[in-house]
Structures are given as structure tokens and as C-alpha cells.
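The values are calculated or read from the model by the stated rules, or taken from the named source; none is laboratory data. What you see is a predicted model; the values in this text were computed from it and never measured. Cβ sites come from the backbone with ideal geometry, for glycine too, and all protein chains shown count toward neighbours. Protein only, heavy atoms only, side chains kept; ligands, DNA and RNA dropped before computing areas. Shrake-Rupley method; radii C 1.70, N 1.55, O 1.52, S 1.80 Å.
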Amino acid sequence: MPMRSQYCGSLNAAHIDQEVTLSGWVDRRRDHGGVIFIDLRDREGIVQVVFDPDAKENFALADKVRGEYVLQVTGKVRARAAAAVNPNMASGEIEVYGTGLKILNEAETIPFPLDAFSNVGEETRLKYRFLDLRRLEMQKSLRFRSKVTSAIRNYLDRNNFLDIETPILTRATPEGARDYLVPSRTHENKFFALPQSPQLFKQLLMVAGFDRYYQIAKCFRDEDLRADRQPEFTQIDIETSFMTQDQIMSVTEGMIREVFKDLKGVEFDELQRMPFSEAIAKYGSDKPDMRIPLELVDVKDLVAEVDFKVFAGPANDPKSRVTALKVPGGNEKLTRKQIDDYTKFVSIYGAKGLAYIKVNDKNDLEEGLQSPIVKNLPVPVRAAILERVGAENGDLIFFGADKHKIVTEALGALRCKLGADLNLYTKEWAMLWVVDFPMFEELDDGSLTAIHHPFTAPSCSPEELAANPATALSQAYDLVLNGTELGGGSVRIHTKEMQQTVFNILGISEEEQREKFGFLLDALKYGAPPHGGLAFGLDRLIMLMIGASSIRDVIAFPKTQSAACVMTDAPGFVDDLQLRELHIRLRKKEKAEAAPAEGAEYGM
Ligand code: ASP
């Protein structure tokens, strides 16, 4: 006899009068004047089971049952009395009249009630993740995730992509983060790195002639964890040969479109392709949230001559920016307190203040503008600013004046915050491509670093690149959804000469090039095809699709913000023998042996 004939959550009025066998967990048990109700739960949902005293043995057993016991129940589906119908439950029209009951396992009182999970800290939820995951909401999000990966595989399979695995124990792949290292036992003093991405392997697969590759790949990056990052995360990793940038973008966009259409019923219009320079200029971000109808407007030229140093200083510095952000109707919508809060908010990005003008009467430039700074601006400058931003009465204009990076980041973030705080969203979904990224970014010490990664092809020849690296554009592209980067990629360098030019610009010596990337340079000289690809962040995609507030809610066993697993207590200490085998001596041994302070490494 099978342990179940149906899932609890799949039962409905169509099953009335059927005999069923169910297996699941006790979600709730209630004793109602001699009748026992058990809400039995499995991954599909909950059904109400009723035991009455007529069935003596079962009733006695049912009386013993407690929350989270594992039961096998046999019974007959019957309609509920009209008054007892629960429209909030998929199985709310019916119940199962229990005729058999077996307790498969007992359960101690669990550390937190599943329906009051939000009252417990996330640390407790993660420590008992196997219980937290029993919640239907978590079951739903992981189920959705599985549907998404299956739709993705389906699309890519149909489009002739091959699913090929690449190594986890490998050499460093530069993606801009620190590596997770694994010491080698068999090669003394040497280490593997876990892949930050399969980047070089997928390129080598193109050199090998596989033409179209994909992998749902785990990637590892040891970053200082910002709010929504995980040290290990999943990418939908894609690479193609003999395709133009346009073709790569269109086949990968097709995949995202299909997933949204099939699983969310959402269809996108034709996607805008916005140059990076426009994204930074108008939205202060390389991943602009296009649901928000606010734009930054540069006013540097208008304030270059004023006496007011706060504006004139940056206006006369080529590395600085002076920009305005108009909030229509902001005059009424924003209180003094909010403006103060926003001033604090932009200081996170290094802004020293947040100047503003409230436009009470745009025709009265003497008395009609309310602002701590307006007296420092001559009337014609006031007029020119209002005209440039298209100000109307009732608008509030914020200003940023500082180094380019500070102003861009501060006002870009303020734009998003205003969008959220004032609920300015004009649509639910806004997706676009950002293209024409620069090849390099200048670091504080004047050196250059790759914006995407050093294998990205420029839009120019090696000679032109070497002559003007700081202004060269790349053939990189990012897909952005609601202000989040869903994925990014590029056409790759496929000649040795170009690859070496880029390494040279990055200050990587020839010796280091050979040592770290010799295999790539070799591959490029033995007939590498033109190729390119991209990778989407799967966790983030799922999070956006289901509207989860944290990436941890779409990962079965995530790490905490300090990159630990509180359930398995990883990372953990290892014993001396293991260390010796790995040729490792700890520098602070006493510390390793002492028990860690409780909760210290959780950082939650
Ligand atoms: N390897 C890149 C990344 O992980 C994506 C790509 O260029 O395909 O961001």
C-alpha cells in the first residue's frame, strides 16, 4: 500500500467521496468539543482532516498528535458544511473524514512556530533552515525557482545550447572580487581558487568548437558582503561563437522574455538600448531604474561664474559635476525633516550637503524661491536653472556639486530613494539594455582597471586602444530590470595581440601574463573563433520575479551576511592532522583552539 495517493494540497471538490491516503506534517491540531481537527500539510498545501470519537482507536491516536508530527492518514473526502467553507484555502471546500491514522514520527516542540516566523530573528530561521523551509511561502519560492531553471534549460536546449560543466577547483578568474582558496594536499604550498565565474573555461569551450554553451553555474566571490550578496551564488552562464553583439543580446533577451511570459504572464515592449554615458548623465547609475520618471540635469555651465564656491568650485573642475534633480510637486510632498534625512542619506556617498530650491512662484525670482542657497545665485542664473530643469510652481530641485563620482552616486541613489519613498513608479516592470561601457575605469592612484573583465573586446583596434585607453569603449552590455543588473556580458577578445594589449594597459607584466593566463594566450593563438556571451544572476532574477525582499529567501541554504552557515556551523576549525596533510601551520593557533564567542561570527 503506497504511503500516499494524493498530495494534501491537491485535494478539492472534484475528489468528494474518494478514499485517499495522505502523508504529511501536522500544521495545526484543534479539539472542538469531542471532534479533532488536524490540518495536514505537505509541499502542495494543507487539508483539514476530521476524527470523531466513533472511530475509537484513531480518535485516541489523534488526541496524542502534536504540531509537526509526521502522519499517514486514510480517509474519505467530503464536502464541508456551508458555514465551514474556507475560501482562503485551495482545499477549503472539502475535508477528509479520517478512517485510519498512523504516526510515522513524532516531533518535539519546534523552536519557532512556522506561522509566526517573522517574530524570530533571521539567525534562528537559518539555524533551523530545514524547519523554516517547511513554510509554504518558502516551498513556493523554491518551487518557482525550479520552474524558472527548467524554463531556461528548455529555451536554451531548443536554441542548440549545450550544457557543459566546468571545474570548481581551478585557478583565479578575475571578476573583481577576492578568491576563495583551497589548499592542495598533493601540491605542497599550492592552492586552487574556486571560480568567481566560469569565464575562461567557457571561452575555451568556444575555442574548442562547441559553438553554444550554457551552464547553471555556482560562482564564488569573497566580497565584503553588501546587503544582498552571497559568497556563493548561481549564474546562468552563456557563451556563443560566430554571433554579433546584437545576436547575442537578442538570443539571451529572448530567454528572459520567455521566462517572464510563461511564469509571470508579463510581456515587455521592445527594449531600449541606452549608452552607459547617458545612463550616468541622466540617472546617475549604470543600472537605471526606468520605473522612476526623475532625471538628473547637469547645470555645470550655468554656475561656473557665480561667487558661490560650493557650486563654482566643482563647476570649474573637469573631474567634478554640478547637477540638479527636480521633484515635481516636491514642495508639498517633502517635509523639512525628509529633506534633512535625504541630506544624511547622500552623505553615505560622500556628499557634503544637499542644496535645494523650492519653487513657490517661478515668475518671481526674487521672492518666489525658497532655499538656503538661492541668495548666492544671481537672478539670471536662477532663471537659467529653472528653465533648464523645466521647473513649475510647487517643484523642489535638489543639487549635487562635487567630484563626478560622488555626485553621480549620491543623486543616482537619491533618485531611487525618492522613487520608492514617494511611490513615483510609473510601471511595474522596466527592462533595458545598457551598452557602450568604457573599457576601463581610473582608480584613485591613476591606474586603470577593467570595467567588465579583462577579456572584453574594445570597439576599436589594438593600436587605437593603446593610444587612448581611458576613453575607449567596450563591446559590453548589461540587462537591467527595475534598477537591478540582471546580467551582463560582452563580445570577447579573440586575438592574442588584442588580449596582450589589454593586459599591458592593465599593468600586468609579461611574466605575470604567462604565469596567470598562459593557457588563454595559447588558446588565442590556435584559431580562436570570434565569440561572446553573458551571465545572468539566477538568485536575483528569482528574487525580482517573486518580489522577495532578500536574496536569502530564494536560496535553500544561504549564508549569513558575514558569510557563515549557522546551521552547519561553517566555516569550522579543522584538526591538526588535516592541517599537516595540507602543509599548513596556523599563525594564531591559540585562537583557533579557543571556542569562538557565541554568535560572534554570525554578525546578524
Ligand atoms: N563572467 C561574467 C560575470 O561573471 C559574465 C560574462 O562576461 O559572461 O559577470
So the pair-distance distribution of segment 494-565, from every Cα-Cα distance in 5 Å bins, comes to percents of 3, 13, 15, 12, 9, 6, 10, 18, 13, 1
In degrees rounded to 10, the 0-90 angle between helix 496-505 Cα long axis and the longest Cα principal axis of the chain is 70
As a Kirkwood estimate from alpha-carbon pairs, segment 372-503 has a hydrodynamic radius in angstrom of 18.3
Net charge (Lys, Arg +1; Asp, Glu -1) of residues whose beta-carbon lies under 15 Å from that of residue 161, residue 161 excluded, is -4
Given unit charges at Cβ for Lys, Arg (+) and Asp, Glu (-), the dipole magnitude of segment 255-357 about its Cα centre in debye, nearest 20, is 380
Computed on Cα atoms, Rg of segment 537-581 relative to 2.2 N^0.38 Å comes out at 1.67
Summing +1 per Lys or Arg and -1 per Asp or Glu among the other residues with Cβ less than 15 Å from residue 324's Cβ gives +2
Note to self: Kirkwood Rh of segment 156-297, Cα pairs, one decimal, Å, is 18.1
Taking 140-151, 438-449, 235-246 and ranking on average Cβ neighbours within 10 Å, highest first, one gets 235-246, 140-151, 438-449
Taking the chain and counting helices only, DSSP H stretches of n ≥ 4 at -39,500 (n - 2.57) each over all residues, the nearest-500 ellipticity at 222 nm comes to -8500 deg cm²/dmol
Dipole check, the chain, charges on Cβ (K,R +1; D,E -1), about Cα centroid: among 535, 51, 412 the Cα furthest to the positive pole belongs to 51
So the carbon and sulfur contribution to the accessible area of the chain, 1.4 Å probe, in percent, is 50
Measure of exposure for residue 233: accessible area at 1.4 Å probe, Å² rounded to 10, is 40
In Å, the Kirkwood estimate of hydrodynamic radius for segment 8-150 over Cα pairs equals 16.0
Quick calc, residue 216 & residue 261: beta-carbon distance into FRET formula, R0 25 Å, rounding 0.05, result 0.80
If every Lys and Arg gets +1 and every Asp and Glu gets -1 at its Cβ, then about the Cα centre the chain yields a dipole, in debye to the nearest 20, of 940
Placing +1 on each Lys and Arg Cβ and -1 on each Asp and Glu Cβ in the chain, then taking the dipole about the Cα centre, the residue among 561, 138, 35 whose Cα reaches farthest towards the positive end is 35
Partner lysines whose C-alpha sits under 19 Å from that of residue 525, ignoring same-chain residues fewer than 8 away, are 202, 496, 516
Between the residues 65, 248, 431, the Cα farthest towards the positive end of the dipole of the chain, that dipole coming from +1 and -1 charges on the beta-carbon of Lys, Arg, Asp and Glu, is from 65
Charge tally for neighbours of residue 396 with beta carbon under 15 Å away, counting Lys, Arg as +1 and Asp, Glu as -1, is +1
Computed over the chain: longest principal axis from alpha-carbon atoms vs helix 404-421 long axis, angle to nearest 10 degrees, is 40
In vacuo Debye sum over C-alpha of the chain, base-10 log of normalised intensity I(q)/I(0) at q = 0.07, 0.11, 0.12 Å⁻¹, listed in q order, is -0.62, -1.19, -1.28
Taking Rh as the Kirkwood radius computed over alpha-carbon pairs of segment 159-211 and applying Stokes-Einstein at 4 °C with viscosity 1.567 mPa s, one gets a diffusion coefficient in µm² s⁻¹ of 103
Regression test value, accessible area per residue of segment 274-424, probe 1.4 Å, units Å², expected 46
Most packed first (mean Cβ within 10 Å per residue), the peptides 518-531, 66-79 order as 66-79, 518-531
The pairs in 64/140; 218/264; 405/427; 140/282; 140/559 lying past 27 Å Cα-Cα in this model are 64/140; 405/427; 140/282
The correct ranking of 433, 25 by accessible area at 1.4 Å, largest first, is 25, 433
In debye to the nearest 20, the charge dipole size for segment 155-255, taken about the Cα centre with +1 at each Lys and Arg Cβ and -1 at each Asp and Glu Cβ, equals 280
Heavy-atom accessible area per residue of segment 98-200, all protein chains kept, 1.4 Å probe, expressed in Å², is 59
Correct semi-axes for segment 219-284, from √(5λ) of the alpha-carbon gyration tensor and rounded to whole Å with the largest first, are 24, 20, 17
Given 366-372, 29-35, the highest-first ranking by average Cβ count within 10 Å works out to 366-372, 29-35
